[in-house]
Amino acid sequence: MTRPFIFCHMLTSLDGKITGDFFKSEKAKSASLQFYNIAFGKDPYYKNQGWLSGRVTSDDNFTFYKEPALSANYQPVPAGDFISQVGAEMYYISLDPSGKLGWEKNTISYRETVATVIEVLTERVSEQYKAFLRELDIPYIIAGKETIDPQVTIDKLQTYFQLDSIMLGGGGVINWSFIQAGVCDELSLVLAPVADGNPDTPSLFNAIGGQADGKKFADFKLIESKVLADDALWLRYQVE
Ligand SMILES: NC(=O)c1ccc[n+]([C@@H]2O[C@H](COP(=O)([O-])OP(=O)(O)OC[C@H]3O[C@@H](n4cnc5c(N)ncnc54)[C@H](OP(=O)(O)O)[C@@H]3O)[C@@H](O)[C@H]2O)c1
């Protein structure tokens, strides 16, 4: 079985930042819509079946740092993965290694796209949190002991949900962990002609903790470059 095609699709400022005040600029708003149309929208270039996001990205955009509503009287949870919602049109796959995210329903909306949530957990996650996910009918897979193993994640997504094309959708921490693990085929970068000079915001790739012990750098080979509307650029690279 060949593994799924994994492409990292990101919108950045000229200085490689992925969030910040620059998003308020009209040029960034235009780039953001074009970014959406490349991988979502009515006739996207990439036909992805789901996108992977880090825990911080999920909290910033969808769960807003709410505490999960855990029940003290939860039902005992069988060991292993919880596979549900097979055959959904689109998935939002959220890496949540210790089970922090306070979901309130099992779907999210991004512009016109509605996606079914899948949680990727480690063995550290409590039975109580897993019971909470089951209650919301949010499928989960366990993909590592302490930290999430990108290869195991991809294998399980393909086996259980038949995903053959998956977008790696940020932020910088998840992106770098997948690049380091060698499971990202292509980088698609929409570069907005903006900057805000903030030294503290995350960038396209960020190594954290133990991840810094792995591969020290990555090389990319340019496949295509295209000028988009309002001075944005679309760059496609093969990950070498
Ligand atoms: N411009 C764009 O295209 C774009 C796209 C997506 C996101 N963003 C922005 O990016 C920002 C967040 O980026 P970020 O780099 O700070 O964080 P992130 O990658 O969204 O999330 C990092 C967290 O995800 C978990 N994680 C990721 N990879 C893991 C792995 N291999 N193993 C275990 N855990 C893993 C950890 O969760 P724990 O902390 O729970 O351990 C880690 O701290 C947000 O503001 C978001 O809006 C921008």
Cα gyration tensor shape for region 107-151, rounded if a/c is under 1.5, else prolate or oblate: oblate
Amide H contacts of Tyr91 (H built 1.01 Å from N, under 5 Å, at least 5 apart or other chain): Gly50, Trp51, Thr116
Beta bridges by DSSP in region 50-163, antiparallel share as percent, to the nearest 5: 30 percent
Cα-centre dipole for the chain with unit charges at Cβ (Lys and Arg positive, Asp and Glu negative), debye to 20: 120 debye
Dipole magnitude of region 19-90, debye to nearest 20 (Cβ charges: Lys/Arg +1, Asp/Glu -1, about Cα centre): 220 debye
Antiparallel bridges, percent of DSSP beta bridges restricted to the chain (to nearest 5): 45 percent
Apportionment of accessible area to carbon and sulfur, the chain, percent (1.4 Å): 52 percent
Axial C-alpha extent at least 27 Å, average Kyte-Doolittle at least -1.0 - helices from the chain (DSSP): none
Area accessible to solvent at Ser25, 1.4 Å probe radius, in Å²: 40 Å²
Pairs from Lys27/Lys47; Lys29/Lys66; Lys66/Lys221 whose Cα-Cα separation, in the structure shown, is over 32 Å: Lys66/Lys221
Accessible area of the chain divided out per residue, in Å², using a probe of 1.4 angstrom: 48 Å²
Most mobile of Glu123, Glu67, Glu104 in a GNM of the chain (Cα contacts under 10 Å): Glu67
The chain - Debye-derived log10 I(q)/I(0), Cα point model, q = 0.07, 0.09, 0.11, 0.14 Å⁻¹: -0.23, -0.38, -0.57, -0.92
Using alpha carbons only: equivalent-ellipsoid semi-axes of region 83-173, gyration tensor based, whole Å: 19, 16, 13
Packing rank of 187-197, 152-162, 105-115, where each peptide gets the mean count of other beta carbons within 10 Å, highest leading: 187-197, 152-162, 105-115
Leu233 - accessible surface, heavy atoms, 1.4 Å probe, Å² rounded to 10: 60 Å²
Tensor-based shape of region 1-101 (alpha-carbon gyration tensor, a/c under 1.5 rounded, otherwise prolate or oblate): oblate
Charge dipole of the chain about the Cα centre (unit charges at C-beta), most positive-ward option of Phe23, Gly50, Gly170: Gly50
Most mobile of Lys24, Lys66, Lys47 in a GNM of the chain (Cα contacts under 10 Å): Lys24
CD proxy at 222 nm, helix term only [per DSSP H run n ≥ 4: -39500 (n - 2.57); per residue of the chain; nearest 500]: -6000 deg cm²/dmol
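The values are calculated or read from the model by the stated rules, or taken from the named source; none is laboratory data. Please read all numbers here as calculations on a predicted model, not as lab measurements. So basically every Cβ, Gly included, is an ideal-geometry build from the backbone, and we count neighbours across all protein chains shown. In case anyone asks, the SASA skips ligands and DNA or RNA and just uses the protein heavy atoms, side chains included. Shrake-Rupley method; radii C 1.70, N 1.55, O 1.52, S 1.80 Å.
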